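For reference, the structure discussed in these notes is given below.
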Amino acid sequence: MRSSRKIVSGAVLLAAISVSGCVNHNDVLLFGTKTNFGVEISATPDNGGIPEFIVGYKRREAVFMPLVVNGNDSKLIKSNTTEKLSDIKYTGSTTGTDRDAYSVFASFGADVTGGSDGNSVGLAQFFATGIAAQRLGGNPNVGKALSVQPPDSEALEQLNKLTELTLNKDDSSVKLQAYLASDDANKKKLEAEMKKSGLATGPGRITNLINAKEFADFRKKIATNLGL
Amino acid sequence: MAPIFNYDNLSSEEADDLVEQFNNDGCTATKEASGDKWKVVADCPDEEASGGDVE
């Protein structure tokens, strides 16, 4: 962690210098990252011995990308121009005529889930330049994989908007009803589980979760998460 | 807009149970005849308008 912090600091410093003046820089791309990740699991008597699961996640990223070739030791791989080095910019190009300043493709993401049926942490990060960036950017499957919203978010939104519902109680319905009746505090715990699953909360929502056929999968999952 | 939930094709006992649950869940629910069955209409206020707990 200490070394990455130095890289971040150095990258920020170099970027500041390049913006503020015409100081020569190294023609080296710098990429720095620092990640702090912590998990706390506790069971306090004040909370009835119910385990609490807390996840902390903090991340910093920094990149310094030279755009102009003006380093002291800059060399062109293939010198067929009479231009001065300081007039030449790093560019990206495709086989056609498209050109850009620099081809970059990056993603920084995390997916953390927790529950009685298991906990998982997924950290996804990559940073690509040049041809690799062009190929990644042109791949539609990569774009889908990096979708900001989870794939089932649209279906979840539709489910939350349903008003015409079908009664179909099952074993999970009975368990959740008994859970609610056993302690007034359980309503908040149930609503917390609903929010974690992306379900709307508020008046009538718990009744729908317990009774509606459309919510059968969710109430089974939530009943399991509550240890029922 | 406050949602109005509808359940149709219910037995009388199912409708009574559902009305009780909705009323305990902060809604105003009614049991109505629907052919030879029953339906339940529950008028549930928005969460913001229901004066829920502030944390």
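The values are calculated or read from the model by the stated rules, or taken from the named source; none is laboratory data. Keep in mind it's a predicted model, so treat the numbers as computed, not measured. Ideal geometry is used to build each Cβ from the backbone, glycine not excepted, and the neighbour counts take in all protein chains shown.
Quick rundown of the values:
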item	result
Residue identified as within 24 Å of the chain's Cα centre (by Cα) and modelled with pLDDT under 75 among A:VAL55, A:VAL12	A:VAL12
Residue ID - farthest from the chain's Cα centre (by Cα), chosen from residues in segment B:11-50 that are assigned to a strand (DSSP E or B) and surrounded by 20 or more Cβ atoms within 10 Å (Cβ to Cβ)	B:TRP38
Hits in segment A:148-189 (condition: hydroxyl-bearing (Ser, Thr, Tyr), more than 10 Å from every other protein chain (Cβ to nearest Cβ) and within 12 Å of A:PHE215 (Cβ to Cβ))	A:SER172, A:SER173
Breaking point among (1) modelled with pLDDT under 95; (2) within 18 Å of B:GLU20 (Cα to Cα), for A:ILE206	(1)
Selection from segment A:191-209 of residues that are crowded, with 18+ Cβ neighbours inside 10 Å and over 25 Å from B:MET1 (Cβ atoms)	A:GLU193
Hits in segment B:1-35 - residues which are closer than 11 Å to A:THR207 by Cα and more than 7 Å from chain A (Cβ to nearest Cβ)	B:ASP17, B:VAL19, B:GLU20, B:ASN23, B:ASN24
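The rows are residues; the columns are (1) within 14 Å of chain B (Cβ to nearest Cβ); (2) in a helix (DSSP H, G or I); (3) more than 17 Å from A:ASP152 (Cα to Cα).
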| position | (1), (2), (3) |
| --- | --- |
| A:GLU191 | yes, yes, yes |
| A:MET194 | yes, yes, no |
| A:ALA200 | yes, no, no |
| A:PRO203 | yes, no, yes |
| A:ILE206 | yes, yes, yes |
| A:LEU209 | yes, yes, yes |
| A:PHE218 | no, yes, no |
| A:THR224 | no, yes, yes |
